[in-house]
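Quick note: the coordinates plus some simple rules give every number you see, no bench work behind them. Small disclaimer: the values here were computed from a predicted structure and weren't measured. Here the Cβ is made from the backbone with ideal geometry for all residues, glycine too, and neighbour counts use every protein chain on show.
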Amino acid sequence: MSDRKHGLDALLEQVQSGGDVPAHVAIIMDGNGRWASERGLPRWMGHREGMKSVRRCVTGALDLGIRHVTLYAFSKENWSRPLEEVSALMRLLSEYVERERQALAEKGVRVRVIGDLSRLSKQALKAVESIQGTTEGGEELMLNLAISYGSRDEILQAARSLAMECVAGEISPADITEDRFASALYTSGSPDPDLLVRTSGEMRVSNFLLWQIAYSEIHVTPVLWPDFGESDLYEAVLDYQRRERRFGRVTLGA
Ligand code: FPP
C-alpha cells in the first residue's frame with residue numbers, strides 16, 4: 001500500500017472514531033483561478049482541474065457516509081465574468097455530466113442542480129436534465145450542484161411563492177413557519193448544512209445558502225480547490241468534530 005493511501009486510511013479511521021459525521025457539508029470551491037495563474041495557465045484550466053476535486057470530494061463523502069453535499073459551482077455573480085470563462089464553465093458542466101453521470105448513478109449519488117436555470121443555454125440545460133434523470137434513483141448521497149445560484153435570489157423566490165399561496169387563499173401568513181419557508185427553498189429535502197467549507201483562505205460566504213447556514217460550523221482551508229482531495233475533506237470533518245455545537249444555547253454544567 002502506498003504511503004498516501006495508508007495516510008488516507010488512517011485519517012478515515014480517525015474520523016470514523018472521532019464522533020458524528022456531518023449529515024450535510026456545503027462547500028465554496030474557491031481558488032481555481034489562482035491555481036491556474038500560479039502555473040501560467042488560463043483560468044479555465046483551473047476550473048477543469050477543479051472538476052477532478054469534485055470527484056475526490058464525492059468519493060470522500062461516500063466513504064465517510066455524508067448524506068448531503070452542496071457544491072457552489074457557479075454563482076449568479078459569475079455571469080459577469082469574461083464571456084470566455086463563462087463559456088468554459090458551461091462546457092465543463094456538460095463535460096462533467098458526460099464523464100460522471102453513469103459512475104455517480106452506480107455509486108448511489110443523486111444529483112440535483114439548484115439555482116436560477118432560466119439563464120442556462122439549451123446545451124447546459126440538457127446536461128442538467130441528463131444528470132438529474134440518470135441519477136434520480138440514488139439513495140446514498142444527495143449532491144446539490146449550485147449553478148447560476150444566489151442565496152438572496154433563492155430567498156426572494158421562496159418569499160414570492162409563499163406570497164402567491166397566501167394570495168390564492170391556500171395558506172395564511174401565520175402558516176409561514178421556518179420549516180415551511182425552508183421547504184420553499186431550492187434545497188428543500190436536504191437538512192441545513194452542519195459544516196460549511198471554503199477553500200483558498202477567503203473569509204466570506206459570498207451569497208451562498210444564507211438561510212441554511214444559520215448554525216453551520218465554518219471551516220476555511222488555505223488549500224486551493226484544484227488541490228483539494230479526500231484528506232482535506234477528512235480534515236474538515238475532524239475540525240467539525242472538535243467543535244461544540246450550541247445552537248445559541250449554553251452548555252449544561254458550564
Ligand atoms: C471559484 O474559483 C470557482 C468557480 C467560480 C467555479 C467552480 C467550478 C468547478 C470546480 C468546475 C466545475 C464543476 C462542476 C461540478 C461542473 P475562482 O475562479 O473564483 O478562483 P480565484 O478566486 O482564484 O480567482
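Brief remarks on what is shown
- Qualifying GluC sites (Glu not before Pro) in the stretch 177-254, where qualification requires a DSSP coil assignment and no more than 10 other C-beta atoms within 10 Å, comprise Glu244.
- In percent, rounded to a whole number, the relative contact order of the chain is 29, using alpha-carbon pairs under 8 Å and six or more apart.
- Computed over the chain, the per-residue total of -39500 (n - 2.57) for DSSP H runs of n ≥ 4 gives a 222 nm mean residue ellipticity of -15000 deg cm²/dmol, rounded to 500.
- Computed over the stretch 1-93, Kirkwood Rh from alpha-carbon pairs, angstrom: 15.3 Å
- Within the stretch 12-156, the percentage of alpha carbon pairs spaced more than 27 angstrom apart rounds to 23%.
- From phi via Karplus (6.51, -1.76, 1.60), per-residue ³J(HN,Hα) for the stretch 212-228 in Hz, x at Gly/Pro: 6, 9, 3, 10, 6, 7, 10, 10, 10, 10, x, 4, 6, 3, x, 8, 6
- Other-chain or far-sequence residues with amide H under 5 Å of Arg112's (modelled H): Leu143, Asn144, Leu145
- Largest GNM mean-square fluctuation across Asn32, Asn144, Asn78, computed for the chain with C-alpha springs under 10 Å, falls on Asn78.
- For the stretch 98-104, 3J(HN,Hα) per residue [Karplus equation, 6.51 cos²θ - 1.76 cosθ + 1.60, θ = phi - 60°, Hz, x = Gly/Pro]: 4, 6, 9, 4, 5, 4, 5
- Normalised size of the stretch 120-166, defined as Cα radius of gyration per 2.2 N^0.38 Å with N residues, equals 1.49.
- The convex hull around the C-alpha trace of the stretch 115-209, projected and averaged over every direction, spans 8.5 square nanometres.
- Karplus-derived 3J(HN,Hα) values for the stretch 157-172, using 6.51 cos²θ - 1.76 cosθ + 1.60 with θ = phi - 60°, are 5, 5, 4, 5, 5, 5, 4, 4, 5, 5, 4, 6, x, 7, 9, 10 Hz; glycine and proline are entered as x.
- Proximity of backbone amide H atoms, modeled 1.01 Å from N, is registered between Ser148 and Phe74, Ser75 at under 5 Å, excluding neighbours fewer than 5 places apart on the same chain.
- All-pairs Cα distance distribution in the stretch 73-155, expressed in whole percent, bin size 10 Å: 18, 49, 28, 4
- Cβ-Cβ FRET estimate between Asp175 and Ser80, R0 fixed at 45 Å, reported to 0.05: 0.75
- Debye intensity ratio I(q)/I(0), log10, the stretch 201-240, q values 0.20, 0.35 Å⁻¹ (C-alpha model): -0.73, -1.15
- Asp194, Asp9 arranged by Cβ crowding within 10 Å, fewest neighbours leading: Asp9, Asp194
- Highest average packing first - 147-154, 159-166, Cβ atoms within 10 Å: 147-154, 159-166
- Per-residue Cβ neighbour rank within 10 angstrom, fewest leading, Thr134, Thr251, Thr70: Thr251, Thr134, Thr70
- Amide proton proximity set for Val220, modelled H, under 5 Å, gap of 5+: Arg198
- Sparse-neighbour loop sites [trypsin sites (Lys or Arg not before Pro); the stretch 6-50; at most 16 other C-beta within 10 Å; DSSP]: Arg39
- By the Kirkwood approach, averaging reciprocal distances over each pair of separate Cα atoms, the chain gets a hydrodynamic radius of 19.3 Å.
- Its Kirkwood hydrodynamic radius, worked out from the mean inverse distance over all distinct Cα pairs, puts the stretch 166-254 at 15.8 Å.
- Think of the stretch 1-118 as having a plus end and a minus end, set by charges on the Cβ of Lys, Arg, Asp and Glu; of Cys57, Met45, Val69, Met45 sits farthest toward the positive end of this dipole.
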